[in-house]
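Structure first, then comments.
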Amino acid sequence: MAELRPLRGWRFALSDMEHLGARLAPPYDVITPEQREALEASHPYNIIHIDLPREGDGLDRYTRAATLLREWQEKGVLIQEPAPALYVLEQRYRLPNGQERVRMGLIGLLRLVPWGQGVLPHERTFPHAKADRLALLAATRAQVNPIFMLYSDPAGEVMHPLLAARPEVPTAVGGDLGDEAIILRLWAVTDPQAIAAACAAMAPRTLYVADGHHRYETALTYQRQQGERNGAPSDASYHYTLIYAVAMEDPGLTILPTHRCLHDVPDFDADRLLSALEHYFEVTHYDPEVELLGELHKASRLDRVFGLVLAGRPGGYLLRLRPSASTFRTLLAQHHPAIAELDVAVLQSLVLNPILGIGHEGHEQHRFIDFEPRAQCAIAGVRAGRYQAAFLLVPTQLNQLRAIAEAGQVAPPKATFFYPKVPSGLVIYDMNHT
């Protein structure tokens, strides 16, 4: 059972002339060092100072984050919702091809449950990332970015009462977050009947984590630690976590591919790579790259195709997997059938590991691979000499993700890139003031 509940969230207090985008930041785990510095310099009250804090004023970075949060609350930089609310979030954005989409979801609290008891993961987590988030959560007792979750609701039963009860004027409006052309509108829905109807509609549904696996596990760890210390009262604030939930059927839900950009691979040889690829793939050259991108765009999931762009080589290559029994035996020998359906698993098992010597572990992936959701940026990186090569993928499908989660499996790293991300700082859950 999914126990959804409202919260009296904390939001930035803005004058009519202030821009919400100047206070928000992308999720901590997609921010580059350059973006971090730019966000820090952009505004003294940007949420980056709390979500990715630095040492200062004689304090370690986690204590400083907690101190800043309390100062901002006391100064009125942050204000608390007068009444418990579920929040409706609309994000209007454009895809890389220029197509406009609108995604609608809700922000609220979800009662924490162990994996497999109504909440399903699809990614593996790593200890170092959880340690950082746990230290921040323990110091601040606050969550500034919701965990991105999916649920199935073909009839729109969860969102319908909230959309009908939302105020005429949005609670907050923002746009131009970083370099993304994203316009967002947020409504605080405080009508008790609408909230009760949405919570009741959500109750029987399974939730699938899209983004935020580390933060969900961090919240579970914090819940256990607090329960051991305080006797685990059933209504304690640490039993809940901040979520953003969107229906799988929402027409604005987008998964972008995560292209693999190779750098610093020892003894990399383009000719040897192309020759080795012939064993598993039909290799076709296209010049210019736009023709290659067109072929990738036309491909269906059943085609099992990849693009390849090589430094010093014009155009690019379309790699089409040969449908041989031996190929699929190789994949199934290494993966659960649900994982073997993923293009990222095919690339890892047939190319990255056996040909280039890049293992599947996270630290090894990040040592030799940059992950880029925009094909043109991946290609530009190759042409500029930053990358030795770029493998271009088609997006993972939502039904593939669901099959993996329901089979109790976890996908290879960076199998999905849900777009757009939900910014940090939009709604803050402070466990000290609920």
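The values are calculated or read from the model by the stated rules, or taken from the named source; none is laboratory data. As the structure is a prediction and not an experimental result, all values here were calculated from the model. FYI the Cβ positions are ideal-geometry reconstructions off the backbone, even for glycines, and counts take in every protein chain you see.
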Looking across region 121-158 at residues that are β-branched (Val, Ile, Thr) and closer than 12 Å to His214 by Cβ, the single one that is farthest from the chain's Cα centre (by Cα) is Thr125
Could you list, in sequence order, all residues of region 375-417 that are basic (Lys, Arg), under 28 Å from Tyr151 (Cβ atoms) and in a loop (DSSP other than H, G, I, E, B)?
-> Lys414
Residue pairs qualifying under the 7 Å Cβ cut-off, at least six apart or on distinct chains, with the first in region 1-22 being free of Cβ contacts under 8 Å to residues at least 60 places away in the same chain and the second being assigned to a loop (DSSP other than H, G, I, E, B) and of a type outside the set (Gly, Ala, Ser), are Ala22/His43; Ala22/Asn46
Those residues that are in a loop (DSSP other than H, G, I, E, B), in contact (Cβ under 8 Å) with a residue 24 or more places away in the chain and either small (Gly, Ala, Ser) or touching a Cys at 6+ places or on another chain (Cβ under 7 Å) (or both), I need them from region 75-104; list them, please.
-> Gly76, Ala83
Checked region 138-195 for anything out of contact with any strand residue (DSSP E or B) (no Cβ under 9 Å at 6 or more places or on another chain) and modelled with pLDDT under 95; matches are Glu168, Asp179
Looking only at residues in region 335-374 that are acidic (Asp, Glu), farther than 16 Å from Thr396 by Cβ and not in a helix (DSSP H, G or I), which one is modelled with the lowest pLDDT?
-> Glu361
Can you find even one residue in region 62-81 that is out of contact with any helix residue (DSSP H, G or I) (no Cβ under 8 Å at 6 or more places or on another chain), closer than 23 Å to Ala411 by Cβ and either buried (at least 17 other Cβ atoms within 10 Å of the Cβ) or not basic (Lys, Arg) (or both)?
-> no
How do the pairs read when you match residues in region 24-40 that are without any contact (Cβ under 8 Å) to a residue 40 or more places away in the chain with residues anywhere that are part of a helix (DSSP H, G or I), using Cβ under 8 Å and keeping only pairs 6 or more apart or on different chains?
-> Ile31/Leu39; Ile31/Ile48; Arg36/Ile48; Glu40/Ile48; Glu40/His49
